[in-house]
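Everything on this sheet refers to the single structure shown next.
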């Protein structure tokens, strides 16, 4: 497929996925200044929510510095052109959270499930469509389902009323050939008017390459984050993707230099530690493990004296899916006990 | 010894697993299985076990309730169907155990408030959710020692043991469980999360309980209270166990639980379904014992 003069919606998730490395502690000032910068740079759609979606504030995932409602209410009135989306994971967030987001002015909702569990989103997708929202079905950990399996899950979401379906590489595990194959299959199976999106992570340094492959295979929305701020080794970087699109003649409507400045001047200074593809992030990508487990594995490693890499590999072996952060401490404890390295004071 | 006669409404997985448990009971005798599909496998299985069956819903059983002496009915259908079922049966003096999310009656988590419900002669009690049955006892075990400002539970169940009803109304699970963490568990604020995991072979039900105590936790008293509570749950769910914890971290108390089912009709990994049918059986047995010893008389509601 030719990419000449193709138009792509860059959906910036700095203010949602970027909450993970900051442990959901972004200030309202950081949020509004980045959102304003994104709006000025021409980003058409940006996401603002707790890293784990609406209602994600919890002991399990970490409480936000502010509630979703506070963040959204601070950002929405400042937007001149950009639309604001929110993320919702059924099982964590509810229809009540969806209605709250709608009431404060959100008109685009991303409803996320594990790539084999689309039917838990029926209630939420149906409700969002009833409200007339831009309704996106977001299939997380897409590497864990076959081509046919992913297609059938996507069709469920489309059937409930989603007008856009995402293939989400939550573990940053996919390679361009797999992206191409699955997007082609989704494009062929879904209605022509249904949009397709791709959400990539950089654990194998494939964020931009996978996003380009996805665009070439037929997606028209791509999730990106400034300076890659996000779970694991981070997301497809907005400023890099926009620059690559400019070179490829793909229309994004985003000002290349302005978005580079947002990434460099506003987002990069927010990072507590430089985000890189270290051995633990690389393990997420290699073993296909949910990206936001990384910080939890580091802290459990510190507490129990087991390398984070081994905790993550074990989480992968046991087939843990997004949201199972509560299993990390137990896994670390068990590994420490088996190896006789359990630190004193942590026994229970 | 006399047994109290029971009816099961809903011959699906839950209803059939209940049937297996009731057949083992010393005080309960299943006599009716009620469905709505004549060709249902569950109805056929119930007939093999000698139960009367109907495919005409509760209405098909109503004319026989009195002559067959049915005193307790389990509703394993849906929230939408429950109210009508309950109204028809309680009018005939049949006590209802509600395994749907309808929750017309008070929540029942056996080790915490079953005795209270029996004493108050409740005619309809609700079994909350699987996650509620697995976690609320632990929240209550902590809150009976000291004030719990916040209780949060994470239930992980195998995708294969989450039926279409749960999937279609997943908010009902999170909202109802959170409410039970507050009302029955005694937390000032409750939150519930459910995760479905498709791993093969299917994983055992796992539940994590996090409580934030208002003051520094009394570690010794909390640990003892939880152990006592777990032993009580184990009386009716032998595969209920603490994998790890309580772990104390500041005011945070974390307890990690695993629930292995008995493997009656449902596979052992479906601890989530088993703890519901086991808790419902336990509840019915308590009512039945009181009816049999004459200290409880069911009234027409």
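Assorted remarks:
- Residue match in the stretch A:330-348 (condition: under 30 Å from residue B:258 (Cβ atoms), touching a strand residue (DSSP E or B) at 6+ places or on another chain (Cβ under 7 Å), assigned to a loop (DSSP other than H, G, I, E, B) and within 14 Å of chain B (Cβ to nearest Cβ)): yes
This table checks each residue for (1) more than 15 Å from the chain's Cα centre (by Cα); (2) at the interface with chain A (Cβ under 8 Å from one of its Cβ atoms).
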| site | (1), (2) |
| --- | --- |
| B:169 | yes, yes |
| B:180 | no, no |
| B:200 | yes, yes |
| B:211 | yes, no |
| B:224 | yes, no |
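- Failed item in (1) at the interface with another protein chain (Cβ under 9 Å from one of its Cβ atoms); (2) modelled with pLDDT under 95; (3) part of a helix (DSSP H, G or I), with residue B:165 passing the rest: (1)
- Number of the condition not met by residue A:96 [criteria: (1) within 29 Å of residue A:27 (Cα to Cα); (2) outside any helix (DSSP H, G or I); (3) within 12 Å of chain B (Cβ to nearest Cβ)]: (2)
One line per residue, one yes/no per condition, for (1) at pLDDT below 95; (2) surrounded by fewer than 24 Cβ atoms within 10 Å (Cβ to Cβ); (3) over 18 Å from residue B:225 (Cα atoms):
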{"position": "B:119", "(1), (2), (3)": "yes, yes, yes"}
{"position": "B:124", "(1), (2), (3)": "no, no, yes"}
{"position": "B:157", "(1), (2), (3)": "yes, no, yes"}
{"position": "B:188", "(1), (2), (3)": "no, yes, yes"}
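- Residue A:205 closer than 22 Å to residue A:289 by Cα, touching a residue at least 60 places away in the same chain (Cβ under 8 Å) and surrounded by fewer than 17 Cβ atoms within 10 Å (Cβ to Cβ): yes
- Residue within the stretch A:163-178 that is assigned by TED's automatic domain parsing to the domain that holds residue A:208 and farther than 20 Å from residue A:207 by Cα present: yes
- Members of the stretch A:114-132 that are touching a strand residue (DSSP E or B) at 6+ places or on another chain (Cβ under 8 Å) and farther than 13 Å from residue B:168 by Cβ: A:114, A:115, A:128, A:129
- Residue in the stretch B:227-235 that is within 28 Å of residue B:104 (Cα to Cα), part of a helix (DSSP H, G or I) and either within 12 Å of another protein chain (Cβ to nearest Cβ) or free of Cβ contacts under 8 Å to residues at least 12 places away in the same chain (or both) present: yes
- Selection within the stretch A:104-141 - assigned to a helix (DSSP H, G or I) and more than 13 Å from chain B (Cβ to nearest Cβ): A:128, A:129, A:130
- Candidates A:101, A:35 - the one that is touching a helix residue (DSSP H, G or I) at 6+ places or on another chain (Cβ under 6 Å), away from every other protein chain (no Cβ under 14 Å) and assigned to a helix (DSSP H, G or I): A:35
- Looking only at residues of the stretch B:211-226 that are touching a residue at least 60 places away in the same chain (Cβ under 8 Å) and surrounded by 17 or more Cβ atoms within 10 Å (Cβ to Cβ), we find that the one that is farthest from residue A:338 (Cα to Cα) is B:213.
The values are calculated or read from the model by the stated rules, or taken from the named source; none is laboratory data. Just so you know, these numbers come straight off a predicted model, no measurement behind them. Backbone-built Cβ (ideal geometry, glycine too); neighbour counts: all protein chains shown.
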